[in-house]
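Undergrad: Let me begin by handing over the structure; questions about it come next.
A short reminder: the numbers here are calculations on the coordinates, not readings from a lab. Keep in mind the model is a prediction, meaning the values are calculated, not measured. Neighbour counts run over all protein chains shown; Cβ positions are idealised from the backbone, glycine included.
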Amino acid sequence: MKIDILTLFPEMFENVFSSSIIKRAVDEEKVEINIHNFREYSKDPHHKVDDTPYGGGSGMVLTCQPIFDCVESLKTKDSLTILLTPDGIPYKQEIAYNLATKKHIILICGHYEGFDERIRSICDMELSIGDYVLTGGELASMVITDSIVRLLPGVIEQASHQNDSFNNNLLDYPTYTKPRNFRGLEVPSVLLSGDHKKIEEYRKNESIKRTQERRPDLLEK
Ligand code: 6GU
């Protein structure tokens, strides 16, 4: 898979994609991630990328030309172009599973003061990562990239994401490791029983209980 990210702040990505599991996935060529500063595509003599809004109002608005030219230089028949914006559709694990099957994803980071509405016309999808406003789409693009890359074959153990929270609309069950007793806090005895059928049953029940308590909205699905 290839992920191209369009941003005015490429330095924000340096540490995030060169650490931990994403770094390993990149090193093992499971994914190629490229960061593009679309300012470099501006045809303005001063490399301007924004301008004042028609009709008046506060703030600067990202112009079409640099983003159109950058996307057009990257797009192929296999590309899915996604705009990151607080008015996009709410991002969910289900969407992550779908995006993990794509060959090429282009992520466009909008920015806080807004972008020319016509930029939406070159996008296949618009995503938001939650009901709050960020200064730009950069953090959202990192969140989405991380959640996709961990699902790519061979990046983490398959069994590890089969039990993920949100899989089957259930939150994860509780897990424990050594020691059996930590400051009087005991590991549930069923997990020490060696009875795999009982353990599976316990985990399923805990998963449902936790979802009922914390996210009843998930069970309604
Ligand atoms: Cl994708 N962008 C911005 N700027 N704010 C957000 C968001 C995206 N998702 C939630 N808030």
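Undergrad: Using DSSP, restrict attention to beta bridges with both residues in the range 1-140 and report what percent are antiparallel, rounded to the nearest 5.
TA: So the antiparallel bridges in the range 1-140 amount to around 10 percent.
Undergrad: Hey, what number do you get for the chain at 222 nm if only DSSP H runs of n ≥ 4 count, each worth -39500 (n - 2.57), divided across all residues, to the nearest 500?
TA: Taken over the chain, the calculation gives -8500 deg cm²/dmol.
Undergrad: Students often check this: by mean Cβ neighbours within 10 Å, which of 129-139, 196-206, 175-185 ranks highest, and how do the rest follow?
TA: 129-139, 196-206, 175-185
Undergrad: Run the dipole for the range 163-219 about the Cα centre, Lys and Arg Cβ at +1, Asp and Glu Cβ at -1, nothing else charged, and hand back the magnitude in debye, nearest 20.
TA: 180 debye
Undergrad: Give me the lysines in straight-line cross-link reach of Lys77: C-alpha distance below 21 Å, same-chain residues under 8 apart excluded.
TA: Answer for Lys77, where 21 Å is the Cα cut-off: Lys2, Lys30, Lys102, Lys103, listed by chain and number.
Undergrad: For the range 85-142, what class follows from the C-alpha gyration tensor (a ≥ b ≥ c being the square roots of its eigenvalues): rounded when a/c is under 1.5, otherwise prolate if a/b is larger than b/c, else oblate?
TA: The shape class here is oblate.
Undergrad: Just to be sure I understand the model, the point goes 7 Å from the Cα along the line to the Cβ. What's the resulting Tyr132 to Tyr176 distance in nm?
TA: 3.3 nm
Undergrad: Tell me, what is the percent relative contact order of the range 2-156, built from C-alpha pairs under 8 Å that lie six or more residues apart?
TA: 29 percent
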